[in-house]
Amino acid sequence: MAAARGEFSSRFGFIMAAAGSAVGLGNIWGFPTQAASNGGGAFLMVYLILAFCIAYPALMAELIIGRHAHANAVEALRSVSRGPISRMFGGATGITGLIVASFILSFYVIVSGWMMAFCLNSMLTLAGFSEAAAWLIEFSLPRNLFFMGIFMLLTVGIISRGVQSGIEKWSGRLMPMLIVTLVLLVLYVLTLEGAMEGLKVYLVPDFERAISPSLIVKALGSAFFSLSLGVGTMLVYGSYIRDDENLPLVGGMVTMIDIGIAVMAGFLIIPAMYVAQHNGVEIFTATGALISEDTLIFTVLPALFQTMGVAGVIVSIVFFFLMSIAALTSSISILEVPVSYTIENHNMGRQKAVWTIGGAVAVLSTVVLLNFSWMFGLVIEVSTRYFQPLLGLVMCVFAGWVWNRNSILQELKKGDAATESGWFWKIWPGYVRTVCPIIILVVFVNYIWA
């Protein structure tokens, strides 16, 4: 079954694909902005601790369930169920996950289209086509629809080629490109006036603030969501892993790459903010609060680039190219969630499934754009603030309470015969059974009542 439905051909292919799924726009602008707003170094320190203590165990729950079932999220959760009630609940969770994934993708392709438009704007500015360039950064329905459509076509084009020729091949190309681009930008920004002030804010922790309950809860949320858990993307990618792979090892590699890129993005964004401030660009509101994330990316940083002359235009091209790559590696994993279900449960060919679902999501994105003032924020809030943590909680419950413990051990032994005597098996089962659900609930309640 696994061979017929496709699987990753190598460990490198899986790691690049899974890391690409986890590394998205949230890592490169969301995490640095949260760090800057919540104590800088204190937030970074707490985030690093919690990412490995909470996000990694939750990631492993999805990977193990997915690899065991070699099936989409709906069938995977059904396969680890013990009775008709848990089987029905597992199926309902899987269906909910693919619906939520589709809604997440509907706004994700809109924002990703903006990244492409800003990148092209800088290219045209450099070439001297200022009038055409100006249209690309104006918030208009034609521009938004056009670039949403272009980005969706790129996503569909990659997914339609399958696991090895599409997801694995392009993740293996795009992720190294993303990492190299990010490193080059960091090295350049750190040479600019004002960067060291931002670096100090980012790296020097205020230990008194690090024990603040509010900061800890926010860092928990950031750590959990940074690995795109809950909607089944990692479960589906796990279903394409070969049986002889060591799951704790490859899961740890994915976690380290994802966290590493988020932390590295902080070395770019936070120093760049203070470079902008040094150049006369406002980065704080009248009340002293940090300017919002969308304003930071689409107003503050472009204003910084304008103060840098031709060098700023070039840096702008590279930066928004980086953001576009990060968006694409995530969007292909999100689309694969409903596509895998449609192929396996409705006997539809991959090409037809991809174009059908991609078209449906594009229609949904169009509806969001036509009702942007109230619908855009609502879709983001409902899908990521409410459904994603609850789905992540259910994944942990299935791995910790529903699925037979011995079956989990046998699944892990496929890739490492000595698993039972290792640290992972001694800690993870009880951890994902009790600690992860409790902390996810704390994060969820905080989001509800914040």
- Message: Just checking: which of the helices (runs of 4 or more DSSP H) contained wholly in segment 332-450 hold 1 or more residues that are among the small types (Gly, Ala, Ser) and farther than 19 Å from Gly66 by Cα?
- Response: 350-370, 372-380, 423-430
- Message: For the list (1) aliphatic (A, V, I, L, M); (2) farther than 30 Å from Lys352 by Cβ; (3) surrounded by 15 or more Cβ atoms within 10 Å (Cβ to Cβ), I need the number of the one condition that Leu126 fails.
- Response: (3)
- Query: When only residues in segment 28-82 that are among the hydrophobic types (A, V, I, L, M, F, W, C) and not in a helix (DSSP H, G or I) count, which is surrounded by the most Cβ atoms within 10 Å (Cβ to Cβ)?
  - Reply: Ala71
- Message: So the check is Cβ under 6 Å with 6+ separation or different chains; which pairs have a first residue in segment 159-174 that's assigned to a loop (DSSP other than H, G, I, E, B) and a second one that's β-branched (Val, Ile, Thr)?
- Response: Ser160/Val354
- Query: Just checking, which of Thr285, Thr233, Thr255 is surrounded by fewer than 18 Cβ atoms within 10 Å (Cβ to Cβ) and on the phi < 0 side of the Ramachandran plot?
  - Reply: Thr285
- Query: Is it fair to say Leu328 is crowded, with 21+ Cβ neighbours inside 10 Å and touching a helix residue (DSSP H, G or I) at 6+ places or on another chain (Cβ under 8 Å)?
  - Reply: yes
- Unmet requirement for Arg242, which otherwise passes all of (1) part of a helix (DSSP H, G or I); (2) surrounded by fewer than 22 Cβ atoms within 10 Å (Cβ to Cβ); (3) basic (Lys, Arg): (1)
- Going through segment 276-333 one residue at a time, which ones are of a type in the set (Val, Ile, Thr), within 29 Å of Ile380 (Cα to Cα) and in contact (Cβ under 8 Å) with a residue 60 or more places away in the chain? Ile297, Ile317, Val318, Ile325, Thr329, Ile332
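No lab work stands behind these numbers, since they all come straight from the coordinates. Quick caveat: nothing in here was measured; it's all calculated off a predicted structure. Cβ atoms come from the backbone with ideal geometry, glycine included; neighbour counts cover every protein chain shown.
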